[in-house]
1. Before anything else, pin down the relative contact order of region 126-171: Cα pairs under 8 Å, at least 6 apart, normalised by residue count, whole percent.
2. Report the net charge of residues surrounding L284, where surrounding means a beta-carbon distance below 12 angstrom and charges are Lys +1, Arg +1, Asp -1, Glu -1.
3. Please find, in a Gaussian network model of the chain (springs between Cα atoms separated by less than 10 Å), the residue of H240, H78, H305 whose mean-square fluctuation is greatest.
4. Could you give the length gained on full extension between D55 and L87, defined as 0.36 nm per residue of separation minus the Cα-Cα distance, in nm?
5. With +1 on the Cβ of every Lys and Arg and -1 on the Cβ of every Asp and Glu, and nothing else charged, how large is the dipole of the chain about its Cα centre, in debye rounded to the nearest 20?
6. Starting from the Cα of W368, step 7 Å along the direction of its Cβ; do the same at D329; then give the gap between the two resulting points in nm.
7. Subtract the Cα-Cα distance of D159 and E345 from 0.36 nm times their separation in residues, and report this length gain in nm to one decimal.
8. Excluding D354 itself, calculate the net charge of residues whose Cβ lies under 15 Å from the Cβ of D354, where each Lys or Arg counts +1 and each Asp or Glu counts -1.
Amino acid sequence: MTKYIGILTSGGDSPGLNAALRGVGKAAIGHYGMHMIGFRDGFRGLMENRTAPLDGGQLSGILTTGGTILGTSREKPHRMPVGGKMLDMTDAIVGNYRDNHLDCLVCLGGGGTLKNALRLKQKGLNIITLPKTIDNDVFGTDITFGFDTALGIATEAIDRLHSTAHSHHRIIVVEIMGHRAGWLALGAGIAGGADVILIPEIPYNVEIVAEAIRERARGGKSFSIVAVAEGAISVQELDHLRQGKEAKAAGKKVAKDKKVRKADSKMDDSEADAAELLYADRTLNLAKRLELLTGLDARVTILGHLQRGGAPSAADRILATRLGTAAADLIDQECYGVMVAALGESTQAVKLEDAAGKVKTVPADHPWILSARRVGTNFGD
Ligand code: F6P
């Protein structure tokens, strides 16, 4: 029996999404003789039954392109803004899955997508997910596609910042994406030779960072590069948050912000809480403190969405192709309810229940951290 599969991309875009769509599609259609349709803009498009044909030439010429030809969104099936209200649209999604006579829905996404996929699995749908995100924080897979490309972009940025920091005898604080996990800041920091790397997993002490910079200056190096992950937090700030002091002071504002964010349907409670830690000006404050504590001039560079844009690296193209074709193999075997994880050079089907709701953070004793410490990188601890 010919199988019908649907596919969508969800969450923040990531280089390699198109390569993965192509990998799934070429294997599913060309090799297995299945039919495949795309849904536009993540779960929103599935809810609205906005489809995109993918069985013609649409899969050609996209291996090397950035973004996603299907479009994406962060919308969740169980809480979607419809007509000014937040509604549970899961039944509509299940209905469209059935109306399209799908045998399987393939969802390309990160942690949020995994949770949504699990909910749909629990509603009886056959689901397979592929792990993408530049953050590399999906639990259960060695690596996610998008990470390698972003790592290259962030590393090149640090390389470039080095020469200007050196010329002006400045501190440059470079903010790198990653609000829950510091893989990208850590990797780019090591590859770019950052003097200080600050990640969410290791709360930092700004005095220790300042002393490391002063020590470099005493040794004749009057410039420093500080690679800071979006979600990095100081010990002091963490303590404040833990004690609830800030929450109290910010009381009403926090509640209001959360309301707005939730109305936006972009975050659930825990994500909204996590986002409270992401003060937009945290990196600026860090630079200011370092200026005061070291007497050196400091500047901030926020790499932002540059890290997600453009063509995927060769490694991401290969990874996305491997995972995509493995997904088609699993559909052929009717192995559903899983994420296609990278395991060394191989792939592995990981049950959605085993990966959803978990974050792969950087372990304190990870070899990358140990090596960075050996070459004298400061982590602010
Ligand atoms: O999840 C990937 C990611 O790029 C994070 O690193 C970053 O914090 C977030 O998305 C930004 O999201 P948005 O593009 O929705 O602002």
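1. Working: 28 pairs, mean separation 10.9, N = 46.
Result for region 126-171 is 24 percent.
2. Numbers: positive: R282, K288, R289, R299; negative: E175, D281, E291.
Once positives and negatives cancel, what remains is +1.
3. Its mean-square fluctuation being the largest, the pick is H240.
4. On the way: separation 32, 0.36 × 32 = 11.52 nm, distance 3.25 nm.
Going from the current span to full extension adds 8.3 nm.
5. On the way: 46 positive and 44 negative charges, 160 e Å.
Value, rounded to 20: 780 debye.
6. Placing both labels 7 Å along Cα→Cβ, they lie 2.6 nm apart.
7. Numbers: separation 186, 0.36 × 186 = 66.96 nm, distance 2.98 nm.
64.0 nm is the gain from fully extending D159 to E345.
8. On the way: positive: K115, K121, K351, K358, K360; negative: D142, E353.
Summing Lys/Arg as +1 and Asp/Glu as -1 gives +3.
The values are calculated or read from the model by the stated rules, or taken from the named source; none is laboratory data. A quick note: this is a predicted structure, and the numbers were derived from the prediction, not measured. Cβ coordinates were reconstructed from backbone atoms using ideal geometry, including for glycine residues, and neighbour counts include every protein chain displayed. Accessible surface areas use protein heavy atoms only, side chains included; no ligands, DNA or RNA. Shrake-Rupley method; radii C 1.70, N 1.55, O 1.52, S 1.80 Å.
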